[in-house]
2 protein chains.
Amino acid sequence: MTSAPLEKTDIAGLMLTIGQAAKAAATTLALAPTAAKNKALTAAAAAIRTRGDEILAANSRDMDAARARGLTGALLDRLLLTPDRIEGIAQGLDGIVTLPDPVGALDSEWTRPNGLKIARVRVPLGVIGIIYESRPNVTADAGALCLKSGNAAILRGGSESAESSRAIHACLVEGLTAAGLPEAAIQLIPTQDRDAVGLLLGMSQYVDIIVPRGGKGLIERVQKDSRVPVMAHLDGICHTYLDAAADPEKALAITLNAKMRRTGVCGATETLLVDRAIAATILPPILDALVAKGCELRGDRETQALDPRVTAATEADWSTEYLDAILSIRQVDGVAGAVAHIARYGSHHTDAIITEDERAAEQFLTEVDSAIVALNASTQFADGGEFGFGAEIGISTGKLHARGPVGLEQLTSYKYQLRGTGQTRP
Amino acid sequence: MTSAPLEKTDIAGLMLTIGQAAKAAATTLALAPTAAKNKALTAAAAAIRTRGDEILAANSRDMDAARARGLTGALLDRLLLTPDRIEGIAQGLDGIVTLPDPVGALDSEWTRPNGLKIARVRVPLGVIGIIYESRPNVTADAGALCLKSGNAAILRGGSESAESSRAIHACLVEGLTAAGLPEAAIQLIPTQDRDAVGLLLGMSQYVDIIVPRGGKGLIERVQKDSRVPVMAHLDGICHTYLDAAADPEKALAITLNAKMRRTGVCGATETLLVDRAIAATILPPILDALVAKGCELRGDRETQALDPRVTAATEADWSTEYLDAILSIRQVDGVAGAVAHIARYGSHHTDAIITEDERAAEQFLTEVDSAIVALNASTQFADGGEFGFGAEIGISTGKLHARGPVGLEQLTSYKYQLRGTGQTRP
């Protein structure tokens, strides 16, 4: 149903059908036993392995079309599937099988003076819409996380990965069928009609939350247009602050890792803040090491005066997420100066302080208003896997519902179960 | 600033000023010590008591205007303040002083294999907009809950209670000043300009969440128009289901309480579901007692056949929140029938089963998708105070962020604090 070519005029009707089917499937999924969900995931992983050649063939059709459209190296690499990457997708599904089922988990439990027992237990959110771009593995990851958390998923991948996503989606459906779960638990919206995204963002009667994954253009559009609540981060303008009491060795190792381990991830540090009092002593070896790794440096006047390789940072640099081997550097007056800079230019994602001064550390960890604040650790730990969540669907910088890495627990809500013995309210 | 008469054209500028001031105040409040917040609340309670005569005078101006506009008995009663009610408002503030501060509370804490310590601690949401109708006490309750949870509040009361709200608000500001906290921590929007609500609902850059409190018309408008996330419930269509294994005495006591204790609250039962197998035996004494208390009965054919006092329920009755001494009654086939009826007609608020059969109970508590599900207890326990939260700002039937009673904890978010010793990510 969702893979046949469509007339333009069909799309509103199709989206309605998809929404209704997802809502119906969500009711079944919410009550599905853990064993059934795990069986579906295991069977889907097996199908991914068995049908690896089909997936590769589909992917090479996507790659041919992408090359014909003139896509560049990095985009092509995101799109590319290899036998290793396909095995990685299957292992990702196996990994989600091993995670504890969040549905039915007891948050807390207490008894009131009248004897009424109150339990807060976790329940699925319902229907989750996921809008993503070129990486075809998101089809499996996102679909599997929704399934394990008892939610129905409506997936909308990028048009460039349409064939690959469809082939992977077929494996997920094979898993659902093997486990006796509704096929509509994980639906894939056809990519040929661009109106589908707009329709999905308006379907607040069928969709409980939208999770966009991709570039800033996509996130911005989704946040602006959606009538359904959105869980996402727009920017990852992360800071590492070198306090006056920073250990120089930790400062060096962490700054290098935070900036250069991977420059394209949202937890990469984009701005290095340094206490003015120690800049001249702590910075030189760090700047040497960054330059040796190929990092471009842009700094304020004082930092430029320290090192001629530092070019002038403009005002725009402080609010730019480079996602590249570029670092902006600014000198500030102590923790208060760092907190003020981050409040003004940050994106409430992840910010770190390097210090041996416990008071400075606690001030920073308390006053910086970000999803993740870190002491003497790399900002690149901003990741559900590194938190021990097993897997994540993304990172949220909003304060409502979920903040930081969005794992299985964050894809659930809760209900209160009251157990009485005849209590009435006075 | 917020109480002077205004030109129509000023309102957009005023709302911008209010939004900016709230956001600035929120930054201060987020870090305010518990002692300062409690001092402000205690001083506000003292001011309410000291300035009781002023508040009564303001209220009698509201009452005069309301009578002149032809307001009816129930509405006038909601608006009315008496010395007792004013003392109740002051005691409400004192009560919030005694509640634990949710800000900084540790949700959970764990250590990763690499030695990184992760703590999840609670932080305020930011700025909360509260839109309410005639009850002037909401000014104090809502303002105080926001303050205690470290949030700035923007209050918009009903025009009929404008003078009373202003007098109460002055006491809150007196408390804030006494504690050295920003006056803008609790702001009151002037009621004379109706555009203010629309502007508030569009201020997503300054307001983090909107909590509407009032009738269905207000909630509907807010949910429809708001660009800011809304925490609320539109309907409280609550059910009590008498299972085949119900204890007749519990069934009688709970049904009477659930329907008749107070008919105008959102947790009042509106529909009684009865297992067809026991209807003829369990219903007669319950219907007698309900009629004796002045309750009107509307039922399906089978229930009408049992008792001539039961008039015919129409399809619309099953989805009507009477908020009155009216009960709709329907016979169903077991727990599955009750669950199906509630899924179709309920509002995900509060639903109860009366049974001595543990399996039936667990099925109901698991399968009914409502914020609160209860076994052998009255639906009227749907209340933050009854849950032990101390106070609530409302009840949410949405699944995102908070579900059920919204107390201090639900007015907070969280952040992750990572404490390392130099960890970098491999």
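The values are calculated or read from the model by the stated rules, or taken from the named source; none is laboratory data. Predicted model, so just to flag it, every value in this text is computed and none were measured. Here Cβ is always computed from backbone atoms with ideal geometry, including for glycine, and neighbour counts include all displayed protein chains.
Here are a few things to note about the model shown:
- Meets criteria (closer than 14 Å to A:Asn137 by Cα and either without any contact (Cβ under 8 Å) to a residue 12 or more places away in the chain or touching a helix residue (DSSP H, G or I) at 6+ places or on another chain (Cβ under 7 Å) (or both)) for A:Arg61: no
- Every residue from the range A:170-181 that is surrounded by 19 or more Cβ atoms within 10 Å (Cβ to Cβ) and not in a helix (DSSP H, G or I): A:Ala179, A:Leu181
- Residue, farthest from the other protein chains (Cβ to nearest Cβ), within the range B:339-361, restricted to residues that are small (Gly, Ala, Ser) and under 20 Å from B:Ala279 (Cα atoms): B:Ala360
Results for (1) closer than 30 Å to A:Leu375 by Cα; (2) in contact with a Cys (Cβ under 6 Å, 6 or more places away or on another chain); (3) at pLDDT 95 or above, shown as yes or no for each residue.
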{"position": "A:Ile210", "(1), (2), (3)": "no, no, yes"}
{"position": "A:Lys216", "(1), (2), (3)": "yes, no, no"}
{"position": "A:Lys224", "(1), (2), (3)": "no, no, no"}
{"position": "A:Arg227", "(1), (2), (3)": "no, no, no"}
{"position": "A:Met231", "(1), (2), (3)": "yes, no, no"}
{"position": "A:Ala245", "(1), (2), (3)": "yes, no, yes"}
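- Taken together, the residues in the range A:307-343 that are touching a Leu at 6+ places or on another chain (Cβ under 6 Å) and among the aliphatic types (A, V, I, L, M) amount to 5.
- Criterion applied to B:Leu411, B:Leu400 was being hydrophobic (A, V, I, L, M, F, W, C), in the same structural domain as B:Lys148 (by TED's automatic domain parsing) and closer than 23 Å to A:His348 by Cβ, and the one residue passing it is B:Leu411.
- Counting only strands (runs of 3 or more DSSP E) that sit wholly inside the range A:362-426, those with at least 2 residues that are more than 10 Å from chain B (Cβ to nearest Cβ) and under 15 Å from the mean Cα position of the chain (by Cα) are A:394-396.
- Whether a residue is touching a Gly at 6+ places or on another chain (Cβ under 6 Å) and modelled with pLDDT of 95 or more was assessed, and A:Leu93 does not pass this test.
- The residue pairs whose first member lies in the range B:310-332 and is in the same structural domain as B:Leu242 (by TED's automatic domain parsing) and surrounded by 19 or more Cβ atoms within 10 Å (Cβ to Cβ), whose second member is aromatic (Phe, Trp, Tyr) and part of a loop (DSSP other than H, G, I, E, B), and whose beta carbons are closer than 9 Å, counting only pairs six or more residues apart or on different chains, are B:Ser328/B:Tyr322.
- Exclusive hit being in contact (Cβ under 8 Å) with a residue 24 or more places away in the chain, surrounded by fewer than 21 Cβ atoms within 10 Å (Cβ to Cβ) and under 30 Å from B:Asp324 (Cα atoms), set B:Lys216, B:Lys224: B:Lys216
- Members of the range B:246-279 found to be within 17 Å of B:Ala361 (Cα to Cα) and under 28 Å from the mean Cα position of the chain (by Cα), listed by number: B:Lys250, B:Ala251, B:Ile254, B:Thr255, B:Leu272, B:Leu273
- Only one of the numbered conditions (1) under 19 Å from A:Gly104 (Cβ atoms); (2) crowded, with 21+ Cβ neighbours inside 10 Å; (3) of a type in the set (Lys, Arg) is not met by B:Lys415, and that is (1).
- Exclusive hit being away from chain B (no Cβ under 14 Å), in contact with a Pro (Cβ under 6 Å, 6 or more places away or on another chain) and either among the β-branched types (Val, Ile, Thr) or in a helix (DSSP H, G or I) (or both), set A:Leu218, A:Leu283, A:Leu287, A:Leu200: A:Leu218
- For the condition part of a loop (DSSP other than H, G, I, E, B) and under 21 Å from B:Leu188 (Cα atoms), B:Arg135 qualifies.
- One residue stands out among those in the range A:237-264 that are in a loop (DSSP other than H, G, I, E, B) and surrounded by fewer than 23 Cβ atoms within 10 Å (Cβ to Cβ): the one that is farthest from the other protein chains (Cβ to nearest Cβ), which is A:Ala244.
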